[in-house]
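The values are calculated or read from the model by the stated rules, or taken from the named source; none is laboratory data. None of these values were measured; they are calculated from a predicted model. Glycine gets a Cβ as well: all are built from the backbone with ideal geometry, and neighbour counts include every protein chain shown.
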Amino acid sequence: MSRILIIEDEQVTRMTLTSYLDAQGYAVFEAGTADAAEKILREEPIDILLVDINLPGKDGLQITREQRARSDIGIILVTGRDDDIDRIVGLELGADDYVCKPFNRRELLARIKNLLRRTQAARRPAGQSVRFSDFIFDAPTRRLQTADGELLPLTRAEFEILRLLIERAGEVASRDALMAHMTHRQYGANPRTVDVIVRRLRAKLGDDPGQPRIITTVHGEGYAFTAPLS
């Protein structure tokens with residue numbers, strides 16, 4: 001049974017979500033503050049965090065930053081409709097998806113199911129290890145490391161995009177194709193999501209977008225993986 005932790009300070013919203021997701025067959029935990037959530041995370045093997053950005057004290061963005069530094073736990077941010085900047089920042093910090101208030105519960109459930117499928121798929125052995133530039137990418141273990149052995153943590157979205165780019169090395173992968181491999185693609189996601197994830201990947205790879213060695217922008221079309229593979 002998948003385990004979901006709802007971090008939401010509005011009690012009515014939290015209780016409504018808890019009741020709904022519990023009825024869908026999930027093990028649901030709830031917290032009104034970051035401190036309460038961290039206690040649960042220390043004690044329970046949570047699969048997905050559903051985090052309200054606008055929490056009192058430590059907000060959802062800080063929780064996202066801290067949890068992403070520790071693990072690859074699934075993270076869905078809950079935002080206001082006018083929080084476009086917060087949504088982009090949240091994705092840059094490592095969130096997997098977002099949903100806007102007021103949201104449709106069935107849409108939220110679909111996003112949760114989609115993220116869980118991707119979480120499970122990312123943990124299954126597949127593909128093989130490849131080398132490019134000064135890096136080694138191992139798809140079966142979802143590890144990216146330098147030639148010196150330093151591990152570079154990847155979020156699910158970063159892994160999915162990098163894997164697809166490598167699989168299509170030398171070819172242009174459209175934004176639509178890349179988004180189809182990400183949680184955000186379904187249910188009306190913002191196309192800028194792909195650009196945010198590629199920017200994060202470039203930062204981790206030290207790839208200058210002005211003079212790219214690894215991921216090249218093909219204006220009006222998408223991105224191409226241009227580093228030699230071995």
Fill in the blank from the handout: Checking PRO45, PRO56 in turn, the sole residue that is more than 24 Å from ALA157 (Cβ to Cβ) and either in contact (Cβ under 8 Å) with a residue 24 or more places away in the chain or aromatic (Phe, Trp, Tyr) (or both) turns out to be PRO56
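Would you say THR64 is surrounded by 15 or more Cβ atoms within 10 Å (Cβ to Cβ), among the polar types (S, T, N, Q) and under 19 Å from ARG156 (Cα atoms)?
Working: surrounded by 15 or more Cβ atoms within 10 Å (Cβ to Cβ): yes; among the polar types (S, T, N, Q): yes; under 19 Å from ARG156 (Cα atoms): yes.
Here the answer is yes, as THR64 does meet what is asked.
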Problem - Filter pass, ARG3 being in contact with a Pro (Cβ under 8 Å, 6 or more places away or on another chain), over 27 Å from LEU152 (Cβ atoms) and surrounded by fewer than 15 Cβ atoms within 10 Å (Cβ to Cβ) - result: yes
Problem - Hey, ILE40 over 20 Å from ARG111 (Cα atoms), in contact with a strand residue (DSSP E or B) (Cβ under 6 Å, 6 or more places away or on another chain) and either not in a helix (DSSP H, G or I) or not charged (D, E, K, R) (or both) or not - result: yes
Exercise for the section: Taking the residues in region 1-12 that are touching a residue at least 12 places away in the same chain (Cβ under 8 Å) and more than 19 Å from GLN67 (Cβ to Cβ) as candidates, determine which candidate is farthest from the chain's Cα centre (by Cα). Expected result: GLN11
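Being in contact with an Asp or Glu (Cβ under 6 Å, 6 or more places away or on another chain) and either at pLDDT 90 or above or surrounded by 21 or more Cβ atoms within 10 Å (Cβ to Cβ) (or both) is the filter here, so list the residues in region 183-195 that pass it. Spell out how you get there, then give the answer.
At the first step, the residues of region 183-195 found to be in contact with an Asp or Glu (Cβ under 6 Å, 6 or more places away or on another chain) are 183-184, 187.
Across region 183-195, the qualifying residues are THR183, HIS184.
Considering region 141-153 alone, what residues qualify as being closer than 17 Å to HIS181 by Cβ and at pLDDT below 90?
Within region 141-153, the subset closer than 17 Å to HIS181 by Cβ is 142, 144.
ARG142, the sole residue that qualifies.
When you look at LEU49, is it surrounded by 16 or more Cβ atoms within 10 Å (Cβ to Cβ), assigned to a helix (DSSP H, G or I) and in the same structural domain as ALA110 (by TED's automatic domain parsing), yes or no? Break it down into steps so the answer makes sense when it comes.
Numbers: surrounded by 16 or more Cβ atoms within 10 Å (Cβ to Cβ): yes; assigned to a helix (DSSP H, G or I): no; in the same structural domain as ALA110 (by TED's automatic domain parsing): yes.
Spelling it out, it is not the case that LEU49 is surrounded by 16 or more Cβ atoms within 10 Å (Cβ to Cβ), assigned to a helix (DSSP H, G or I) and in the same structural domain as ALA110 (by TED's automatic domain parsing).
Quick test for you: out of THR33, THR64, THR79, pick the one residue that is touching a Cys at 6+ places or on another chain (Cβ under 6 Å), at negative phi and touching a residue at least 24 places away in the same chain (Cβ under 8 Å). So that I can check it myself, show each step before the final result.
Details: THR33 fails: touching a Cys at 6+ places or on another chain (Cβ under 6 Å); THR64 fails: touching a Cys at 6+ places or on another chain (Cβ under 6 Å).
THR79 is the lone residue from the list that is touching a Cys at 6+ places or on another chain (Cβ under 6 Å), at negative phi and touching a residue at least 24 places away in the same chain (Cβ under 8 Å).
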